[in-house]
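A.B. asks: I am attaching a structure below and will ask some questions about it afterwards.
The values are calculated or read from the model by the stated rules, or taken from the named source; none is laboratory data. Given the structure is predicted, the values throughout are model-derived calculations rather than measurements. Don't worry about glycine lacking a Cβ; one is built from the backbone with ideal geometry, like all the others, and counts go over all protein chains shown.
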Amino acid sequence: MEKLNTIKGTKDLFEKDLLYHDEIIANAGKISRCLNYERIVTPIIESTNVFVRTLGKTSDIISKEMYTFIDQGKDEITLRPEGTAAVARALISNSLYENTCQKYYYFGPMFRREKPQSGRLRQFNQFGLEYFNQDNFLSDTEVIFIANKLIESLNINDQVVLQINTLGNRVSRETYKENLKKYFLKYKQDLSHDSKVRLEMNVLRILDSKDSKDKEIALGAPIIMDYLDLESKTFYENLKNSLEELKIKFYENNNLVRGLDYYNHTAFEFVTKSEKRQNTIIAGGRYNGLVKSLGGKDICGVGWAAGIERISSLLEDKLFRQKKKIISIISTSDELNLFGFKILDKLIEMTNISFNLHLSGTFKKKISKANKINSVGSIIIGDDEIKSGDLIWKDFQTGKQELVKIKEIQTFITTRFL
Ligand code: ATP
Ligand code: MG
């Protein structure tokens, strides 16, 4: 039969990849909870409208990347391509506005039908957080502070830089977009096909183009700084000052725009220093019009999303956590196999050790299997020893054996391995 494989652009996570995935989520969750963010889990399927209304028809996601289908009840459904719109929808659906905690974090798979390549999957995992209903620049500072802490906690700060920009408020941005359009119209013939479309639909995105000719033209484009009104300018200056005060290093990149339509004021990305094309590992910004565009109250928000697989690839060479220790449980005869479960009853709460019950084969085979899976040692259940209330502990590093009382096995393992 033909060998079955994963669908293009998706992958199985196991062993090292899964270890890194879990470690990133654990660190991010821990830091977020420390700053009083609460976890939220939204469904993987949503009404297509949740994304169309928020991301805007001209965004890459809506125009070409959504996994959308009509279900048997004729409802238009989409596999979520990102988390922010879904969390905003949850805020509205559950009237969470009045909650004291307006800070949420989430993680899970996202789906986008993109061209699969290194760092670009069709199903990938994100960890993200959102801070709603706070228009003070300090909430932008807070979310950047958390992202920075996450990067430090993973020991990858030397490989990553923070870039920031402002998109200004709506008024500033509209004037800027008009002038940007005037500028790019002059070079229309030389722009890539995608950017010719962007010129009409979403001119800001030309600044973000990966095409080399587009990039060259963009170098001479007007910059947002020259179009900011006082409110926008003050907001941006305050944010920069706060980051400096906290010694969070950043670079300004006036061509940094977010792919989605709902952003304003702050835009930021943590990017790797490598020349790789997919080098953005965390991206975020402020999205003041988002909740309203979904039919909710006019509340603002700021947040980011991290690409777990892209962060994992930076951890590749760093073994930052020792592998779990394995202890084998072996009986000298099959009749005593069940006794292994009784021993396990006493040990099961030890979280950083795995106990492997060897359930079949000769004693010799069991011991050799225990070695093969790299056990640090083995608890051996023998006929004679059991009668006198003992177990044998065999240390695989030293090869030494000793007797341990059954009722003391927990303390024995704890003092040795915890
Ligand atoms: P890009 O410019 O790389 O397409 P984007 O603007 O579409 O990024 P966001 O929607 O802001 O990305 O998603 C946040 C983060 O999620 C990205 O910075 C990246 O780390 C990760 N990410 C986005 N798309 C993918 C994908 N197809 N595969 C893997 N990770 C992804
Ligand atoms: Mg994209």
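Let's see how each residue does on (1) without any contact (Cβ under 8 Å) to a residue 12 or more places away in the chain; (2) surrounded by fewer than 18 Cβ atoms within 10 Å (Cβ to Cβ); (3) not basic (Lys, Arg):
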| position | (1), (2), (3) |
| --- | --- |
| Tyr104 | no, no, yes |
| Arg113 | no, yes, no |
| Glu130 | no, no, yes |
| Asn133 | no, yes, yes |
| Leu138 | no, yes, yes |
| Val160 | no, no, yes |
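A.B. asks: What about Leu294, is it away from ligand 2 (no atom under 16 Å from the Cβ) and either under 21 Å from Leu228 (Cα atoms) or touching a helix residue (DSSP H, G or I) at 6+ places or on another chain (Cβ under 7 Å) (or both)?
C.D. replies: Yes: the conditions hold for Leu294.
A.B. asks: Okay, next question. Residues that are farther than 30 Å from Tyr37 by Cα and touching a Phe, Trp or Tyr at 6+ places or on another chain (Cβ under 9 Å), at least 2 per element: which helices (runs of 4 or more DSSP H) completely within segment 136-208 meet that?
C.D. replies: 170-185, 193-201
A.B. asks: Here is a list of conditions, (1) buried (at least 23 other Cβ atoms within 10 Å of the Cβ); (2) assigned to a helix (DSSP H, G or I), and Lys240 meets all of them except one; can you say which number that is?
C.D. replies: Exception for Lys240: condition (1).
A.B. asks: Moving on. Any idea which of (1) more than 16 Å from ligand 1 (Cβ to nearest atom); (2) assigned to a loop (DSSP other than H, G, I, E, B); (3) under 23 Å from Ile281 (Cα atoms) is the one Arg33 doesn't satisfy?
C.D. replies: (2)
A.B. asks: Of all residues in segment 243-257 being assigned to a loop (DSSP other than H, G, I, E, B) and modelled with pLDDT of 95 or more, which is farthest from ligand 2 (Cβ to nearest atom)?
C.D. replies: Lys247
A.B. asks: Residue pairs, Cβ under 6 Å, 6 or more apart or interchain, first in segment 59-84 and under 18 Å from Pro116 (Cβ atoms) and free of Cβ contacts under 8 Å to residues at least 40 places away in the same chain, second within 12 Å of ligand 2 (Cβ to nearest atom) and part of a helix (DSSP H, G or I). List them.
C.D. replies: That search, which allows pairs on different chains as well, returns Pro81/Ile61.
A.B. asks: Considering (1) more than 12 Å from ligand 1 (Cβ to nearest atom); (2) modelled with pLDDT of 95 or more; (3) not β-branched (Val, Ile, Thr), say which one Asn125 fails and leave the rest.
C.D. replies: With respect to (1) more than 12 Å from ligand 1 (Cβ to nearest atom); (2) modelled with pLDDT of 95 or more; (3) not β-branched (Val, Ile, Thr), Asn125 is out only on (1).
A.B. asks: Checking the structure you have, find out if any residue of segment 175-187 is buried (at least 18 other Cβ atoms within 10 Å of the Cβ), under 33 Å from the mean Cα position of the chain (by Cα) and aromatic (Phe, Trp, Tyr).
C.D. replies: yes
A.B. asks: Next question. Can you name every residue in segment 254-269 that is more than 8 Å from ligand 1 (Cβ to nearest atom) and on the phi < 0 side of the Ramachandran plot?
C.D. replies: Those that are more than 8 Å from ligand 1 (Cβ to nearest atom) and on the phi < 0 side of the Ramachandran plot: Asn254, Asn255, Leu256, Val257, Asp261, Tyr262, Tyr263, Asn264, Thr266, Ala267, Phe268.
A.B. asks: Can you tell me which residues in segment 258-313 are hydrophobic (A, V, I, L, M, F, W, C) and part of a helix (DSSP H, G or I)?
C.D. replies: Leu290, Val291, Ile308, Ile311 - these are the residues of segment 258-313 that are hydrophobic (A, V, I, L, M, F, W, C) and part of a helix (DSSP H, G or I).
A.B. asks: Here are Glu152, Glu98, Glu174: which of them is under 22 Å from Asn202 (Cβ atoms), more than 13 Å from ligand 1 (Cβ to nearest atom), free of Cβ contacts under 8 Å to residues at least 60 places away in the same chain and acidic (Asp, Glu)?
C.D. replies: Glu174
A.B. asks: Oh, and also: Of the residues that sit in segment 374-405 and are aliphatic (A, V, I, L, M) and over 42 Å from the mean Cα position of the chain (by Cα), which one is farthest from Ile343 (Cα to Cα)?
C.D. replies: For segment 374-405, the residue satisfying everything is Leu403.
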